[in-house]
Amino acid sequence: MTATRIDGKAFAARLRERVGEHALAFAEAAGRKPGLAVVLVGDDPASEVYVGSKGKATVAANMLSFKYRLPADASEEQLIKLVDDLNQDDRVDGILVQLPLPGHLDEQSIIAAISPDKDVDGFHVINAGRLSVGQSGFVPCTPLGCMMLLTDRLGDLSGLEAVVIGRSNIVGKPMAQLLLDANATVTVAHSRTKDLASVVKRADIVVAAVGRPQMITKDWLKDGATVIDVGINRLPPEPGKEKGKLVGDVAYDEASEVASAITPVPGGVGPMTIAVLLRNTAVAAYRNAGLKVPEGL
Ligand code: NDP
């Protein structure tokens, strides 16, 4: 069997276009564009790249992008004051504080300061709680993006065996919750799981969110499994090259011989994350303005 390549990049492009149309409709109804504020503390080059591309994508989706930068030695009070100002600012529908933060800042306290109604990353405990009890809130972008790819590919997930590898608050746990809500039978595996290969072997759906290059090999997979690879890992550079290749947690080529469908890295889950961030911002705008969130957004 040669697996279908799940084209997250194309799916994300379509989602961004749809979000852009909804953003225009929102602007007509509300008299203002949806707004996303991104806060960057310090000068981590990778974070700078992420913030830059989020800003461009926001504008391309017909929304306002606000960028705030604090120095690496900014105090917790300074950052919380900025978040508070953004909570009060009616032009701002979504607030994203780019992680990781410098070591002296407590990420949980900063996330707790964001209004849950503007928490488009879905990291606030209120939104984690809402997801857990089945109320509508904001769901973290990466797992929601994985879920969109899965339902697009498989339709109804009822009764399917799903194994999520990884239990972080931003990927593994919300992913498991979403799969459970979709009536899959869910197992969450992690670094203490015994005989992980045989746990994965029973899965119709495998979501890998570990951060270990090509850990999941073809002999771990059930024939016909659908594989979502969240991992982003850089291999050591080959001789003469400056940068190593980006790979996922799944050994893509050999897994493709067994799986029925699989996301590539890059071009799979990665592009979904930013598209869902824009989607969550548009949803926040409708909700914050007291307007009905359109179907299909
Ligand atoms: P974390 O490091 O927070 O979590 C990793 C999880 O993997 C932990 O639960 C850990 O278990 C588990 N784990 C580690 N080693 C093993 C092992 N040998 N066997 C089984 N489980 C193991 O990572 P994240 O959830 O933040 O991210 C996971 C991956 O996804 C990373 O590669 C990251 O770069 C990528 N990522 C990609 C995104 C995208 O947009 N595509 C967005 C976010 C993340 P334990 O809890 O026991 O320590």
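Under 5 Å between amide H atoms, partner at least 5 residues away or on a different chain: which partners does residue 185 have, H built in plane at 1.01 Å?
159, 160, 161, 162
Provide the per-residue ³J(HN,Hα) series for region 196-206, in order, calculated from phi with Karplus coefficients 6.51, -1.76, 1.60 and θ = phi - 60°, each as a whole number of Hz, with x at glycine and proline positions.
Whole-Hz 3J(HN,Hα) from phi for region 196-206: 4, 4, 6, 5, 5, 4, 8, 7, 7, 10, 10.
Summing Lys, Arg as +1 and Asp, Glu as -1, what charge do residues with Cβ under 12 Å from the Cβ of residue 23 carry, residue 23 excluded?
Counting the neighbours of residue 23, the net charge comes to +1.
Quick check for you: which residues of region 151-177 have the amide N under 19 Å from the point 7 Å beyond the Cα of residue 223 toward its beta carbon?
Answer for this model: 161.
Name the residues whose placed amide hydrogens come within less than 5 Å of the amide hydrogen of residue 250, ignoring near sequence neighbours (fewer than 5 apart) on the same chain.
Result for residue 250 returns 214, 215, 216.
Hey, which lysines would be in cross-link range of residue 33, C-alpha to C-alpha under 20 Å, not counting anything within fewer than 8 residues on its own chain?
54, 56, 67, 118, 292
So for the chain: antiparallel DSSP bridges make up what percent, rounded to the nearest 5?
5
Helix hunt in the chain: which complete DSSP H runs extend at least 24 Å axially by C-alpha with mean Kyte-Doolittle at least -0.5?
Qualifying helices, which must be both long enough and hydrophobic enough, are 8-30, 270-288.
Compute the length gained on full extension between residue 29 and residue 190: take 0.36 nm times their separation in residues and subtract their Cα-Cα distance, giving the result in nm to one decimal.
Once the chain is fully extended between residue 29 and residue 190, it gains 53.3 nm.
Below 9 angstrom from the Cβ of residue 127, what's the summed charge of the other residues (Lys, Arg +1; Asp, Glu -1)?
It works out to a net charge of -1.
Fewest to most neighbouring Cβ within 10 Å: what's the order for 18, 192?
192, 18
Read-outs: derived from the displayed coordinates by stated rules, not from any lab. Everything numeric in this text was worked out from a predicted model, so none of it was measured. In this analysis, Cβ positions are derived from the backbone assuming ideal geometry, glycine residues included, and neighbour counts consider all displayed protein chains.
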